[in-house]
Amino acid sequence: MTEHKSRILIVEDEVLIAFSVKRMLEVHFYAEIANDYEEAKLLLLHKLFDLVLIDISLSGEKTGLDLAQFINDNISIPFIFTTALTDPGTLEKVTNLKPSAYLSKPVENVNLITAINLALANQDNVFKIEIGKQIYYFQSKDFLFAEADHIYVQIYLRSGKNQILRTTMSHLEEAFPSRYFKRINRSIAVNPYHISKIVNDKLYIGDKVFKISKHF
């Protein structure tokens with residue numbers, strides 16, 4: 001399987017700065033750019049990201065503070081502010097939004113990478129599934145896909161430590177974080193972060209191919 005790279009959305013209205021940050025981040029992460037609130041919102045609604053890097057002073061009616069509020073209300077992924085604004089009023093608004101970090105421009109590359117890695121490490125990526133008296137622990141990003149077979153479900157993991165559980169797909173759907181567990185047909189659920197491509201009604205994860213049902 002291809003190694004999963006965390007996905008970073010850079011929200012910056014200064015084009016040269018945005019591309020400079022993108023080039024630097026792509027050594028370690030997958031990165032995309034949005035230049036304003038509306039573009040960032042559209043990307044966040046249609047693509048999966050692990051973290052958002054937000055410039056507070058965006059062009060347009062809405063600022064990076066508005067985008068952070070949208071993330072808190074709708075997506076719940078970590079975000080980091082980058083800004084040249086350090087006045088008390090801005091700092092108070094920033095604090096209330098609970099960012100993972102607040103970095104003053106110009107940001108040193110090493111400080112930015114460190115802040116991103118810390119924010120990603122602090123995410124609640126470990127979850128548990130209780131089946132009878134047995135408790136199973138999984139890391140969200142280790143999960144590739146699940147395949148149901150009668151009264152059993154096999155969990156396929158990136159680490160190769162696959163598990164066969166005596167349970168139902170519906171039970172797992174309730175237990176797994178929804179952003180990491182998507183049903184595509186009656187017997188298969190996948191982690192969207194590991195999808196290689198989708199062609200018509202076929203979904204690919206590495207060398208595995210699955211059929212997407214219209215009912216899911």
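Please treat every number below as a calculation from the coordinates, not as lab data. A quick note: this is a predicted structure, and the numbers were derived from the prediction, not measured. Please note: Cβ atoms are built from the backbone with ideal geometry, for glycine as well, and neighbour counts cover all protein chains shown.
Here are a few things to note about the model shown:
- Here, the chain is characterised by an Rg to Rh ratio of 1.02, where Rg is the alpha-carbon radius of gyration and Rh the Kirkwood radius.
- Within the range 125-156, backbone nitrogen closer than 18 Å to the virtual label 7 Å beyond the Cα of F216 toward Cβ: 143-156
- With at most 16 other Cβ atoms within 10 Å, longest stretch of the chain clear of loop trypsin sites (Lys or Arg not before Pro) (DSSP): 63-132
- Per-selection Kirkwood Rh - the range 1-78 (Cα, Å, 1 d.p.): 12.6 Å
- Angle in degrees between helix 88-97 and the longest Cα principal axis of the chain, rounded to the nearest 10: 0 degrees
- Distance between the 7 Å Cα→Cβ label points at I151 and I131: 1.2 nm.
- Reduced Cα scattering model of the range 126-211, Debye log10 I(q)/I(0), q = 0.18, 0.20, 0.21 Å⁻¹: -0.72, -0.90, -0.99
- Net +/- balance of residues flanking Y136 in space, Cβ distance below 13 Å, scoring K and R +1, D and E -1: +2
- In plain terms, the chain from V110 to R179 could stretch by 21.9 nm, reckoned as 0.36 nm per residue minus the Cα-Cα distance.
- Taking Cα atoms only, the orientation of helix 64-74 departs from the longest principal axis of the chain by about 20 degrees.
- Amide H contacts for L144 (H built 1.01 Å from N in the peptide plane; partners 5 or more residues away or on another chain; cut-off under 5 Å): Y156, L157, R158.
- Calculated FRET efficiency for the pair N72/L42, C-beta based, R₀ 30 Å, to 0.05: 0.95
- Between S159 and A84, full extension at 0.36 nm per residue minus the direct alpha carbon distance yields a gain of 22.8 nm.
- When the C-alpha to C-alpha distance is required to be over 30 Å, the pairs from K22/K161; K93/K197; K22/K98 that qualify are K22/K161; K93/K197.
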